[in-house]
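In what follows, a single structure is set out as structure tokens and then discussed.
The values are calculated or read from the model by the stated rules, or taken from the named source; none is laboratory data. Being a predicted model, the structure only gives us computed values, none of them experimental. Backbone-built Cβ (ideal geometry, glycine too); neighbour counts: all protein chains shown. Remember, those area values only see protein heavy atoms, side chains included, never the ligands or the DNA or RNA. Shrake-Rupley method; radii C 1.70, N 1.55, O 1.52, S 1.80 Å.
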Amino acid sequence: MSRSLALGVIIAGGLLSAQDGSSLYDRTCASCHNGGNDRAPSRDALRSMSADRVLAAMETGPMISMAVRLTTADRRAIAEFVSGKPIGQPLVTTPPPQAVCPARASSPFALDGMTWTGWGGNTSNTRFQDTAGIASDQVSRLKVKWAFAFPGDIQAYSQPTIAGGRVFVGSPGGKVYSLDAKTGCVHWFFDAEAGVRSAVTLARVGTGNVAFFGDAKANVYGVDAATGKQLWKTKADSFPVAGITGSPVFYNGRIYIGIRSGEEASGADPQYECCRFRGSVVALDAANGKQIWKTYLVDEPKRTTKNKAGAQLWAPSGVAVWSTPAIDARRNALYVTTGNNYTDPTTRLSDAFLAMDLNTGKILWSRQMTPRDAYTSACRLPDKTNCAESNGPDFDFGSSPILVALPNGRRALVAGQKSGVVYAVDPDNQGELLWQTRVGKGGTAGGVQWGSAADQNNVYVAVSDVGRIMLTYTSATDADPKQGGGMFALRLDNGQRVWYTAPEPCGNRPRCSPAQSAAVTAIPGVAFSGSVDGHLRAYSAADGKVVWDFDTAQNYPTVNGVPGHGGSLDGPGPAIGGGMLFVNSGYPTAGGMSGNVLLAFSVDGK
Ligand code: HEC
């Protein structure tokens, strides 16, 4: 108490010493940001942020619950220490005039040219683009046509959407852009309340075209796709650290979206009353954002015991939805994959495939793949006070379910799990298991992390299995350059391996991991997989041979004039359409490299 007071006085006198920020950081932040938490950006990445952005993360962003017990002065001291910059120099993120499209280029926006929308590219989540405008034998000639940098951001994590000659993309700073697909000039930008990680989904609603997306504070937006004007905004969950990572799906006038939370990280604090978040799926009216139904995936949490630090514990909790639903028109059903519980006792709908009725949200069936999986960040940290007795293994689903028709006339729902196992279940028989194939060892960052792509015959699965190594003389960890990665093609009808391609070795780039955690995207004859090592690689669908390899971890001149550099590829995969491939580069979590660019590729860069 007296220490914080003294610090406050020093700050008021303008004599802030870096020492205080440093020791505060060591005590309250380092456990995760020096490598203890797979999803936390690295220390280096924090250093490249502005002090104002770090402060905002603690005061209005994802780090609120890590910093609630600090004073304002403490938070400022940490922000200045971590970034190495003074507070009060917020970056201007409004696109400069030269980045804005000339008036004549702003022809009316038409949805007909829609080539890739939302997470899966379609409502079945196949991530397969059969009208790419890039032939398989042209893939080796893909070159960067333009790059766009997200100002002030250290990562680029929203999958692009392509339609009507434009590309739509969100960013961690909360700006959503509509850019010209050919030139990268800005048609419009929109300021969401928090980071936008979901892909933008486009649909015609009434007489207009609407862009839908969700933000890190669980707001869902409908904005005019032509102008960026907000039509509606709905808070889809009121829990303090609830947010949206998955993407909205549009079907028959409605938007369907899953809700996740940051409470798994809040639980690291022994004083935190762990845990009360309830994962859910929400259906909204696409015309006005009004909620039609919301189905919670755990019951209302009740008090259980107290933890060692005397804090009240609650259960059931968790079962976040990180994935994007798939739509089954034939059965009038929606499918999602779910996350783990946070506390004991655990429940039945965690780490599962679920089917829900599209009209009512009623759960039709569920198929749990890993029972008794309660996990919070505390399970990975020295202070395990808020780690449940079941202690993980944190094998939730990050991958969205893919609905496919099998060559034998039957259908399957396919998804890889963080356990390292790919499953196919039967949507026409209560989720009965059709096959399972192990592709990786599994772990808190996958196994299979963000998902796969499927064509008519195969599912293309990238393996994460990111590794960590302890750094000498510190408590920090770094990515293990010798662990993780690899790419499989499995037959959709029986899960048998068609081919396997081993990961490329890392070389001597610092903070390199060969892990392939990002979602896979496929076109006829080729599957694309991004790696934490920064490379985007194209694999021949026939034999797994690498036919193209581009290292995105470079500096780029950008069309908006903001310094741009690439880093790790993780989270979403490329979006492909209209003869172009768009991919975001920069992902300083899971041991990866920061970066802030959207890269646009075309054949010969034309
Ligand atoms: C329990 C683990 C944990 C602790 C402790 C923690 N963080 Fe984080 N931090 C995370 C995770 C996980 C993320 C990624 C969150 C996301 O992307 O939603 C993150 C993200 C961030 C970001 C990036 C936000 C952005 O705008 O992209 C900043 C800045 C940050 N943390 C600062 C801090 C500071 C400062 C502290 C100490 C007061 C701290 N963190 C304590 C886990 C932690």
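A few points about this structure:
- Hey, SER23 touching a residue at least 40 places away in the same chain (Cβ under 8 Å), open to solvent by 40 Å² or more (accessible area, probe 1.4 Å) and either touching a His at 6+ places or on another chain (Cβ under 6 Å) or more than 10 Å from the ligand (Cβ to nearest atom) (or both) or not: no
- So THR93, is it of a type outside the set (D, E, K, R), within 28 Å of the chain's Cα centre (by Cα), at pLDDT below 95 and within 16 Å of the ligand (Cβ to nearest atom): yes
- Residue within the stretch 373-387 that is open to solvent by 30 Å² or more (accessible area, probe 1.4 Å), at pLDDT 95 or above and not basic (Lys, Arg) present: no
Yes/no per residue for (1) modelled with pLDDT of 95 or more; (2) within 16 Å of the ligand (Cβ to nearest atom); (3) under 25 Å from GLY573 (Cβ atoms); (4) buried (at least 19 other Cβ atoms within 10 Å of the Cβ):
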position: VAL223; (1), (2), (3), (4): yes, no, yes, yes
position: SER238; (1), (2), (3), (4): yes, no, no, no
position: THR245; (1), (2), (3), (4): yes, yes, yes, yes
position: GLY258; (1), (2), (3), (4): yes, yes, yes, yes
position: GLU264; (1), (2), (3), (4): no, yes, yes, yes
position: PHE277; (1), (2), (3), (4): yes, yes, no, yes
position: ASP299; (1), (2), (3), (4): yes, no, no, no
position: THR305; (1), (2), (3), (4): yes, no, no, no
position: GLY318; (1), (2), (3), (4): yes, yes, no, yes
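- Residue in the stretch 468-478 that is open to solvent by less than 10 Å² (accessible area, probe 1.4 Å) and either hydroxyl-bearing (Ser, Thr, Tyr) or modelled with pLDDT of 95 or more (or both) present: no
- Where a residue in the stretch 65-83 is more than 26 Å from CYS275 (Cα to Cα) and its partner, wherever it lies, is near the ligand (Cβ under 8 Å from one of its atoms) and not in a helix (DSSP H, G or I), with Cβ under 6 Å and at least six apart: SER83/MET49
- Condition met for SER158 (open to solvent by less than 40 Å² (accessible area, probe 1.4 Å), touching a residue at least 40 places away in the same chain (Cβ under 8 Å), under 25 Å from PRO572 (Cβ atoms) and not in a strand (DSSP E or B)): yes
- The test for being farther than 24 Å from ASP299 by Cα, in a loop (DSSP other than H, G, I, E, B) and within 16 Å of the ligand (Cβ to nearest atom) does not hold for LYS441.
- Of the candidates GLY258, GLY279, the single residue that is in contact with a Leu (Cβ under 8 Å, 6 or more places away or on another chain) and either more than 24 Å from THR234 (Cβ to Cβ) or not aromatic (Phe, Trp, Tyr) (or both) is GLY279.
- Filtered residues of the stretch 161-187 (kept if touching a Cys at 6+ places or on another chain (Cβ under 9 Å) and either more than 20 Å from GLN230 (Cβ to Cβ) or open to solvent by 10 Å² or more (accessible area, probe 1.4 Å) (or both)): ASP180, THR183, CYS185, HIS187
- For LEU70, the conditions (1) over 23 Å from the mean Cα position of the chain (by Cα); (2) open to solvent by less than 20 Å² (accessible area, probe 1.4 Å); (3) hydrophobic (A, V, I, L, M, F, W, C); (4) near the ligand (Cβ under 8 Å from one of its atoms) are fulfilled apart from (2).
- Condition check for TYR460 on (1) of a type in the set (Phe, Trp, Tyr); (2) within 26 Å of LEU406 (Cα to Cα); (3) modelled with pLDDT under 90: one failure, at (3).
- Test for LYS175: is it over 30 Å from THR376 (Cβ atoms) and either within 16 Å of the ligand (Cβ to nearest atom) or of a type in the set (Val, Ile, Thr) (or both): yes
- Checked against (1) open to solvent by 30 Å² or more (accessible area, probe 1.4 Å); (2) in contact (Cβ under 8 Å) with a residue 12 or more places away in the chain, MET487 meets all criteria but (1).
- On inspection, PHE109 does not qualify as open to solvent by less than 30 Å² (accessible area, probe 1.4 Å), closer than 19 Å to PHE190 by Cα and out of contact with any His (no Cβ under 9 Å at 6 or more places or on another chain).
- ASN408 satisfies every condition listed in (1) assigned to a loop (DSSP other than H, G, I, E, B); (2) at pLDDT 95 or above except (2).
- On the stretch given as the stretch 37-55, residues that are within 7 Å of the ligand (Cβ to nearest atom), open to solvent by less than 40 Å² (accessible area, probe 1.4 Å) and either in a helix (DSSP H, G or I) or over 23 Å from VAL532 (Cα atoms) (or both) total 2.
- Extreme residue, nearest to the ligand (Cβ to nearest atom), among residues of the stretch 191-216 that are under 19 Å from THR245 (Cβ atoms) and open to solvent by 20 Å² or more (accessible area, probe 1.4 Å): ALA216
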